[in-house]
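Report on the structure given below.
Read the figures in this text as sums done on the coordinates, not as results from a lab. If you're wondering where the values come from, they're calculated on a predicted model, not measured in any experiment. Don't worry about glycine lacking a Cβ; one is built from the backbone with ideal geometry, like all the others, and counts go over all protein chains shown.
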Amino acid sequence: DIQMTQSPSSVSASVGDRVTITCRASQGIGSWLAWYQQKPGKAPKLLIYGASTLESGVPSRFTGSGSGTDFTLTISSLQPEDFATYFCQQANSSPRTFGQGTKVEIK
Amino acid sequence: EVQLVDSGGGLVKPGRSLRLSCVASGFTFSSYTMNWVRQAPGKGLEWVSSISGSSTYIYYADSVKGRFTISRDNAKSSLYLQMNSLRAEDTAIYYCGRDLRTGWAYSDFWGQGTLVTVSS
């Protein structure tokens with residue numbers, strides 16, 4: 001199975017800050033990567049797929065980049081509704097696997 | 001509007017069985033691969049199983065293979081997960097999800113989740 005490793009595990013930031021989360025795959029996955037946002041008590045929400053394609057309705061302050069083994073999710077200007085946990089997920093091969101999550105907390 | 005509604009969770013003793021359901025609406029159910037993903041309390045996400053639109057292709061995580069069975073009834077726009085020989089480590093919130101496109105293992109819509117607790 002492909003292992004997905006996210007860093008950091010948590011980040012404290014203020015409204016308006018730029019936040020970057022990284023995800024590393026244990027082997028090359030091309031651009032087969034998604035990012036999800038999850039708020040407490042809610043299901044995950046798809047933000048980005050194909051490493052950089054924004055899902056419909058997702059604000060443009062979210063940007064995904066990378067290919068191969070190293071990927072990045074950037075929130076350009078953090079908004080109050082962005083405080084949540086973010087997961088990456090590889091879709092290159094079965095089983096699909098997720099990173100352990102990065103919690104974005106209020107500083 | 002696309003909606004997925006999960007149900008069937010509850011408290012069950014180790015070794016017993018439970019059947020989860022997911023009712024879909026707002027899209028042509030038979031055209032989409034569906035899947036189950038679970039999340040243990042306070043933990044990350046773990047894919048459990050997937051089934052193609054016509055039920056031709058079915059996949060399971062090694063952790064549930066031989067114990068869980070995924071199925072669907074396209075006439076009822078419903079997805080199921082039959083869980084047998086349940087273990088404490090199966091305790092989790094179970095989410096059904098719809099894959100964005102055939103062959104693309106990204107879930108663009110999710111149910112609200114149903115909690116399964118396995119405990120004596």
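Provide a whole-number value for the mean count of partner chain Cβ atoms within 10 Å of the Cβ atoms in peptide A:80-87. Can you show the working numbers first?
Working: counts 0, 0, 0, 0, 0, 2, 0, 3.
That average works out to 1.
Say each of B:T102 and B:D73 gets a label point 7 Å from the Cα, pointing the same way as Cα to Cβ; how far apart are those two points in nm?
2.4
Suppose the chain between B:S30 and B:I58 were pulled fully straight at 0.36 nm per residue; how much longer would it get relative to their current alpha carbon spacing? Don't skip to the end; give the middle numbers.
On the way: separation 28, 0.36 × 28 = 10.08 nm, distance 1.43 nm.
Stretched fully, the B:S30-B:I58 segment lengthens by 8.6 nm.
Send over the per residue convex hull volume for the range B:47-105, Cα only, as a whole number of Å³.
Working: hull volume 5.6 nm³, N = 59.
So the per-residue hull volume is 95 Å³.
Where the eigenvalues come from the Cα gyration tensor of chain A, what are the semi-axes √(5λ) of the equivalent ellipsoid, largest first, in whole Å? Walk me through the numbers before you get to the answer.
Numbers: eigenvalues 94, 37, 32 Å².
Value: 22, 14, 13 Å, ordered largest first.
How shielded is B:99-106 by partner chains, expressed as the average number of their Cβ atoms within 10 Å of its Cβ atoms? The partial results should precede the final answer.
Numbers: counts 2, 7, 1, 0, 1, 5, 11, 14.
For this peptide, the per-residue mean of nearby foreign Cβ atoms is 5.
Give me the mean projected area, in nm² to one decimal, of the convex hull enclosing the Cα positions of the protein assembly as shown. Can you show the working numbers first?
Values: hull surface 47.3 nm².
It is 11.8 nm².
At a 10 Å Cβ-Cβ cut-off, how would you order A:I2, A:I106, fewest neighbours first? Intermediate values should be presented prior to the final figure.
Numbers: A:I2 17, A:I106 10.
Ranking A:I2, A:I106 by Cβ neighbours within 10 Å, fewest first, gives A:I106, A:I2.
Net charge near B:S55: determine it from the other residues with C-beta under 12 Å of the C-beta of B:S55, scoring Lys and Arg +1 and Asp and Glu -1.
Working: positive: B:R72; negative: B:D73.
Summing Lys and Arg as +1 and Asp and Glu as -1 gives 0.
Peptide B:43-50: average number of partner chain Cβ atoms within 10 Å per residue? Write down the numbers at each step before the final one.
Numbers: counts 2, 10, 12, 4, 6, 1, 1, 3.
What the average comes to for B:43-50 is 5.
Please work out the FRET efficiency for the pair A:S10 and A:S60, using the Cβ-Cβ distance as r and a Förster radius of 25 Å; give the result to the nearest 0.05.
Details: r = 25 Å, r/R0 = 1.00.
Result of the calculation: an efficiency of 0.50.
Which ordering of B:Y80, B:Y57 is given by a fewest-first count of other beta-carbon atoms within 10 Å? Walk me through the numbers before you get to the answer.
Working: B:Y80 20, B:Y57 12.
The most exposed by this proxy come first: B:Y57, B:Y80.
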